[in-house]
Protein chains: 2
Amino acid sequence: MNPQQAPSPRTTIKRVPQRADYERDTIYQILDEGLVCQVGFVDHGQPFVIPTAYGRVDDTLYIHGSPASRMLKTLLQGIDVCVSVTLLDGLVLARSAFHHSMNYRSVVVLGTATLVQDAEQKLVALKAFTEHVIPGRWQEVRSPSRQELAGTLVLSLPLAEASAKVRTGGPLDDTADYQIPVWAGEIPLKLTATTPITDLRGCEAPGFQTSPRQIEVPIYATNYSRQ
Amino acid sequence: MNPQQAPSPRTTIKRVPQRADYERDTIYQILDEGLVCQVGFVDHGQPFVIPTAYGRVDDTLYIHGSPASRMLKTLLQGIDVCVSVTLLDGLVLARSAFHHSMNYRSVVVLGTATLVQDAEQKLVALKAFTEHVIPGRWQEVRSPSRQELAGTLVLSLPLAEASAKVRTGGPLDDTADYQIPVWAGEIPLKLTATTPITDLRGCEAPGFQTSPRQIEVPIYATNYSRQ
């Protein structure tokens, strides 16, 4: 929690600076736990914010998509981009409407995205996408064909200019409000997996599995066990 | 699912248009279920994407914050804004890395934000924030004081230019890949509440409640019962 460590003036958090965190570990942890990022870019003066999957390898964030994607085509012009990842950790119920809040961990990355042209790096990035969602999955499934590789654009964004913002804990009420007889506190929120839905279209395959294997990922709290 | 109903060319979904939905009901439902939106705006040519809470009243989206907020100060210049809300509904595990996907419901709103100056409308908006998070909460807690109202900026964004994009269902694999003996299907994800953490600082108040009351909100699946 040291605002002095901000990598640049424009990633210095100004509102509620005590919630700022510029540590690499915090930033990586949030990015690795998140599943969807929001990509902000400007096209003909209009800002757009588009949700998409992503992967991280060391200090590089990867996004990908079809060569027909407007977002990717626009980013390929070498324009500035802002990527935001937000994890919602809880609702904070105070005794006044004003002091209601949310607990969250968020990361904002600024930079310029670059097309990944090196074939090996592209494969590393695509592996990161799959492994990000389901660790171990890359080894289990069919690897991308030459045609699929050609049909996928991968863009890299350095994590050089990134900052995290974190709120934890309960409500902070005005002193007089502690007399108000209403429940106050935090309701923690967690993204959890419910019962997996097996795709039965492959059920005639030899060795067909009706249950996913055990994987240790925080969100898969339930029902994700090896057959 | 009718792309012809897009309210404007720039909210017409071009990538995977069969996932587009311009129905008011779909858009409102996603906005009402979401808790955090991502606000995209341009400041000196640089796009920023900032997560924040929001409220909806009819066809208006409200965001709010401190008068010191750069985001609000920038938006008050009457510039274009893009607000994105994404609900992650599931992981889609295919038999090839290429066909892995996610199920989601997302809304993108384009427009210009306006300062809410009318005192009554401002109060309606602030009520919408509180009720959005916890229906019924507005009546239970202390209403905003004159000072708090003065210290809060509320901006309105019409939902005139909005579109939704939705993916549901399992993986769509290449025909040959159905022979691969790996589990495939959907792992549904759900934002759930875990055990509430009571703020004990008010426990000397008469009528102090140690448990939150029963509230019917989809995410509060557990442990949120009246004392």
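What follows draws every value from the coordinates through simple rules; no lab data is involved. Source: prediction; values computed, not measured. Heads up, the Cβs are rebuilt from the backbone with ideal geometry, glycines too, and the neighbour counts pull from every protein chain shown.
Summary table below
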item: Rounded tilt (10° steps) of A:119-133 against the dominant C-alpha axis of chain A; result: 50
item: Placed amide H near B:Leu61: partners under 5 Å, 5+ positions off or other chain; result: B:Leu157, B:Leu159
item: Cα-based Kirkwood hydrodynamic radius, segment A:19-174, one decimal, Å; result: 17.0
item: Label 7 Å beyond Cα on the Cβ vector: A:Thr12 copy-to-copy distances, nm; result: 4.5
item: Amide H partners (placed H, <5 Å) of A:Thr192, local residues excluded; result: B:Lys190, B:Leu191, B:Thr192
item: Residue with peak Gaussian network fluctuation, chain B [Cα springs, cutoff 10 Å], from B:Val42, B:Val16, B:Val107; result: B:Val16
item: Gap separating the Cα centres of segment A:114-140 and segment B:127-168, nearest whole Å; result: 40
item: Among A:45-57, A:162-174, the order from most to least packed when residues are scored by Cβ within 10 Å on average; result: A:45-57, A:162-174
item: Bins of 10 Å from zero: percent of alpha-carbon pairs in the protein assembly as shown; result: 4, 20, 30, 27, 14, 5, 1, 0
item: HN-Hα J in Hz across segment B:65-72 - Karplus 6.51, -1.76, 1.60, θ = phi - 60°, x for Gly and Pro; result: x, 7, x, 7, 5, 5, 4, 5
item: Nearest-ten-degree value, helix A:24-33 long axis tilted from longest Cα axis of chain A; result: 70
item: Count of lysine pairs in the protein assembly as shown with Cα separation under 16 Å (8 or more residues apart, or interchain); result: 5
item: Average Cα contact separation per residue, chain A, under 8 Å, 6 or more apart, as relative contact order %; result: 23
item: For chain B, built as a Gaussian network whose Cα springs stay under 10 Å, the top-fluctuating residue of B:Pro67, B:Pro17, B:Pro212; result: B:Pro212
item: Relative contact order (%) - criterion: Cα under 8 Å, at least six apart; region: segment A:1-87; result: 26
